[in-house]
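Enquirer: I'd like to ask you about the structure that follows.
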Amino acid sequence: MANTILIGAQWGDEGKGKIIDVLTEQADIVVRTQGGNNAGHTVYLGPKKYVLHLVPSGILRKRKTCVIGNGVVIDPVNLVGEIDGLEKLGIRMGSNLLISETAHLVFPYHRELDAQREVLKGKNKIGTTKRGIGPAYGDKAARTGLRMIDLIKPDLFAEKLRAKIRENNEILKAFGAKPLSYKKVLEAYSEAGRRLQPFVSNTVVYLHQACQAGKNILFEGAQGTFLDIDHGTYPYVTSSNTTAGGACTGSGVPPHRMDSVVGVMKAYTTRVGEGPFPTENNEFADFLHNLGREFGATTGRPRRCGWFDAVATGHATMVNGIDEIAVTNVDGLDTLDVIRVCVAYRHGGERLDYVPADASVLAECEPVYVEFPGWKCDTTKSRRWKDLPPKARSYLNAIAELTGAHLSIVSVGPAREQTLFL
Ligand code: GDP
Ligand code: IMO
Ligand code: MG
């Protein structure tokens, strides 16, 4: 399988967790390289549901090594909770989990500042997951963050944390928020540090040695292309590089070691949080919600839903260099009479075939649709491409062509076996 970067080609929640779990069969190592526990990657093994937030989705398969790379921001207390939760479900973690010593930490003041800034923004809020992701990456960029390497040195950590709490309590006071107790945070984080210490290592060296040994590495993207801090619908984005380049910087594996990029996309589009979404359609959202679909894996929020946007996925192909696409949730469209696909935008009398950089312009764009006839039958039992109804195959071929990449995986349900390889 060689080294594969898997990214979300839309606004997150494309079904990356499911596809990662499927592709992990051929991988030796799975690496998270950006984001934090704002991510929620759902994987079903039989009737059991697992939602991974920081631990790579590859952990559900035996004899695979999972790495939380240097580009990830880690809430250590939360990570310990996730590890404990997975162990209760029978997933063991020992030498199969490595955490980068240079990954930055998320603290309670980051979460509190995240929430306070959202309140201050009022109607212009981003709709963040309130996991403290933006403020934690802010500290990293300002060179004032603390890292895993600090957490596992108890005496130095206590000293550094004291200064951080003092500084951030002043900021919280200015927001009218409650200051944090240094003692309580120190206690919780010291305990988490003790628990995580055995997993912490130099993952950059580990991954280089793995590359040299010819191991297959799968890079698990979090969020999606249009939530990228540089290429997304700024400011309605997350605070990391969710596009393919983030896999290199967030792991230390250089670009020439990467062999392919898989873009995961739903057969329609969803988005959680605020920001422009040209193909959003409330009637379609009600239809999916009534089927019990499209509720957030991290926050439980109902996702906004709309038609497939081929202008957006084409743009994603460009910025990520997508070679192959995996289309998920095809079964969500099984009962529709007519399915729409956006092939261009109209803005101020002009036809656009690219995603405008300015979010306020994108918000004014009207989608130009082409219509496809629905296949009106159950696809969830299909196991091979030729099992799919011809109208579903035409639809999938059309969206792959419009996206400009090779269709290689189709998913017709959450289970492993509901995956078709072309
Ligand atoms: P991620 O963040 O990209 O990993 O995606 P999420 O886990 O947040 O959301 C995707 C949802 O779609 C999850 O509930 C998956 O179990 C589910 N899913 C993935 N692929 C399929 C599919 O082909 N059909 C159906 N019905 N559900 C799917
Ligand atoms: P996965 O990996 C969907 C969205 C939030 C908000 C914006 C900023 O499961 O696809 P943040 O908390 O990151 O500062 O929020 O980004 N967001 C996601 N949307 N899937 C995700 O992750 C997301 N992670 C963040 O809803 O709009
Ligand atoms: Mg998700």
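The values are calculated or read from the model by the stated rules, or taken from the named source; none is laboratory data. Because the structure is predicted, anything quoted here is derived from the model rather than measured. Virtual Cβ from ideal backbone geometry, glycine too; neighbours counted across all protein chains shown. Ligands, DNA and RNA are excluded from the accessible area calculation, which covers all protein heavy atoms including side chains. Shrake-Rupley method; radii C 1.70, N 1.55, O 1.52, S 1.80 Å.
Enquirer: Per-residue ellipticity at 222 nm for the chain, helices alone: DSSP H runs ≥ 4 residues times -39500 (n - 2.57), over residue total, nearest 500 deg cm²/dmol?
Expert: Numbers: 13 runs with 139 residues, N = 422.
Rounded to the nearest 500, it is -10000 deg cm²/dmol.
Enquirer: Can you put Ile229, Ile409 in order of accessible area, largest first, using a 1.4 Å probe?
Expert: Per-residue accessible area, sorted high to low, gives Ile229, Ile409.
Enquirer: Have a look at Phe157, Cys365, Pro414 and report the one farthest towards the positive end of the charge dipole of the chain, computed about the Cα centre with Cβ charges (Lys/Arg +1, Asp/Glu -1).
Expert: With unit charges placed on the Cβ atoms, the residue in question is Phe157.
Enquirer: Then there's this: Rounded to whole Hz and in sequence order, give me ³J(HN,Hα) for region 233-242 from the Karplus expression 6.51 cos²θ - 1.76 cosθ + 1.60, θ = phi - 60°, writing x for Gly and Pro.
Expert: Running phi through 6.51 cos²θ - 1.76 cosθ + 1.60 with θ = phi - 60° gives 8, 3, x, 7, 9, 8, 10, 10, 8, 8 Hz.
Enquirer: Which of Pro135, Ala115, Thr102 sits closest to the plus end of the dipole of region 101-145, meaning its Cα is farthest towards the positive end, when Lys and Arg get +1 and Asp and Glu get -1 on the C-beta?
Expert: Ala115
Enquirer: A follow-up question, please. Considering only Ala222, Ala310, Ala392, give the residue with the highest GNM mean-square fluctuation for the chain, with springs between Cα atoms whenever their separation is below 10 Å.
Expert: Ala392
Enquirer: Now for a different question. For Leu98, what residues show an amide H to amide H distance below 5 Å, using hydrogens built from the backbone and excluding near sequence neighbours?
Expert: Cys66, Val67, Ile68
Enquirer: Roughly what angle does helix 154-174 make with the longest principal axis of the chain, taking Cα atoms, 0 to 90 degrees, to the nearest 10?
Expert: Taking the Cα atoms of the chain, the angle to 154-174 is about 70 degrees.
Enquirer: Let me ask something additional. Enumerate the calculated ³J(HN,Hα) couplings along region 342-352 in order (Karplus 6.51 cos²θ - 1.76 cosθ + 1.60, θ = phi - 60°), each rounded to whole Hz, writing x wherever the residue is Gly or Pro.
Expert: Computed from phi, the couplings for region 342-352 are 7, 10, 6, 10, 10, 9, x, x, 9, 9, 10 Hz.
Enquirer: Now, a different point. What aspartates and glutamates could a cross-link reach from Lys64, if we take a straight Cα to Cα line under 14 Å and drop same-chain neighbours fewer than 8 places away?
Expert: Partners within reach: Asp21, Glu25, Asp28, Glu220.
Enquirer: Amide H neighbours of Gln10 under 5 Å, counting only residues 5+ apart in sequence or on other chains, H built in-plane at 1.01 Å?
Expert: Distant-sequence amide H within range of Gln10: Thr225, Phe226.
Enquirer: I'd like to know which of Ala392, Asn241, Gly35 lies farthest towards the positive end of the charge dipole of the chain, counting +1 on Cβ of Lys and Arg and -1 on Cβ of Asp and Glu.
Expert: Looking along the dipole axis, the top candidate is Gly35.
Enquirer: Any idea what the dipole of region 266-421 comes to, in debye rounded to 20, about its Cα centre with Lys/Arg Cβ at +1 and Asp/Glu Cβ at -1? Could you put the intermediate results ahead of the total?
Expert: Numbers: 17 positive and 21 negative charges, 120 e Å.
Dipole magnitude for region 266-421 comes out near 580 debye.
Enquirer: Mind grabbing the accessible area of Val262 for me, 1.4 Å probe, Å², rounded to tens?
Expert: Ignoring ligands and nucleic acids, Val262 comes out at about 10 Å².
Enquirer: Could you work out the relative contact order of region 124-201, using alpha carbon pairs under 8 angstrom and six or more residues apart, expressed as a whole percent? Can you show the working numbers first?
Expert: On the way: 29 pairs, mean separation 21.5, N = 78.
It comes to 28 percent, rounded to a whole number.
Enquirer: Same structure, new question: Counting other C-beta atoms within 10 Å, and keeping those with at most 15, which DSSP coil trypsin sites (Lys or Arg not before Pro) do you find in region 313-383? Display every interim value, and only then the final one.
Expert: Working: sites: Arg340, Arg346, Arg351, Lys376, Lys381, Arg383; in loops: Lys376, Lys381, Arg383.
Passing both the DSSP loop test and the Cβ count: Lys376, Lys381, Arg383.
Enquirer: Specify the angular offset, from 0 to 90 degrees and rounded to the nearest 10, of the alpha carbon long axis of helix 203-212 from the longest principal axis of the alpha carbons in the chain.
Expert: 50
Enquirer: Any idea how far apart Glu159 and Asp84 come out in nm if each label point goes 7 Å out from Cα toward Cβ?
Expert: Taking the two extended label points, one gets 3.1 nm.
Enquirer: Could you work out how far helix 310-320 tilts from the main Cα principal axis of the chain, as a 0 to 90 degree angle to the nearest 10?
Expert: Helix 310-320 sits roughly 50 degrees off the main axis of the chain.
Enquirer: Set the bar at 25 Å for Cα to Cα. Now go through Lys18/Lys125; Lys16/Lys48; Lys140/Lys266; Lys48/Lys376; Lys153/Lys173 and name every pair that lies beyond it.
Expert: Values: Lys18/Lys125 30 Å; Lys16/Lys48 18 Å; Lys140/Lys266 32 Å; Lys48/Lys376 29 Å; Lys153/Lys173 29 Å.
Lys18/Lys125; Lys140/Lys266; Lys48/Lys376; Lys153/Lys173, as the Cα separations exceed 25 Å there.
Enquirer: If you roll a 1.4 Å probe over the chain with all protein chains in place, what percent of the accessible area is carbon or sulfur?
Expert: 51
Enquirer: When ligands, DNA and RNA are left out and all protein chains stay put, how many square angstrom of accessible area per residue does the chain have with a 1.4 Å probe? Before the final figure, lay out the partial values.
Expert: Working: 17600 Å² over 422 residues.
Here the residues of the chain average 42 Å² of exposed surface.
Enquirer: 5 Å is the cut-off here: which amide hydrogens, built 1.01 Å from N in the peptide plane, fall below it relative to Thr328, excluding neighbours closer than 5 in sequence?
Expert: The list, which skips near neighbours in sequence, is Met265, Lys266, Ala267, Ser411.
Enquirer: Could you name the aspartates and glutamates in cross-link range of Lys160, using Cα to Cα under 13 Å and dropping any fewer than eight places away on the same chain?
Expert: List returned: Asp150.
Enquirer: May I pose another question? Pull up the cross-link candidates among the aspartates and glutamates for Lys183, meaning alpha carbon to alpha carbon under 13 Å and not fewer than 8 places away within one chain.
Expert: Cα-Cα hits under 13 Å: Glu159, Glu191.
Enquirer: For Tyr44, Tyr354, Tyr236, write out the residues from largest to smallest accessible area, computed with a 1.4 angstrom probe and no ligands counted.
Expert: On the way: Tyr44 75, Tyr354 120, Tyr236 50 Å².
In descending accessible area the options line up as Tyr354, Tyr44, Tyr236.
Enquirer: Assign unit charges at the C-beta atoms only (+1 for Lys and Arg, -1 for Asp and Glu), then state the dipole size of region 104-196 relative to its Cα centre in Debye, rounded to the nearest 20. Could the numbers behind the result be given before it?
Expert: On the way: 21 positive and 11 negative charges, 47 e Å.
Magnitude of the dipole: close to 220 debye.
Enquirer: Something else now. Any idea what the dipole of the chain comes to, in debye rounded to 20, about its Cα centre with Lys/Arg Cβ at +1 and Asp/Glu Cβ at -1?
Expert: Working: 51 positive and 46 negative charges, 264 e Å.
With Lys and Arg at +1 and Asp and Glu at -1, about 1260 debye.
Enquirer: Right, another one. Let me make sure I get this right: for region 134-255, a, b and c are the square roots of the gyration tensor eigenvalues over alpha carbons, sorted descending. Under 1.5 in a/c it's rounded, otherwise prolate if a/b > b/c, else oblate. Which is it?
Expert: Values: a/c = 2.95, a/b = 1.34, b/c = 2.21.
Oblate shape, in that a/c is at least 1.5 and b/c is the bigger or equal ratio.
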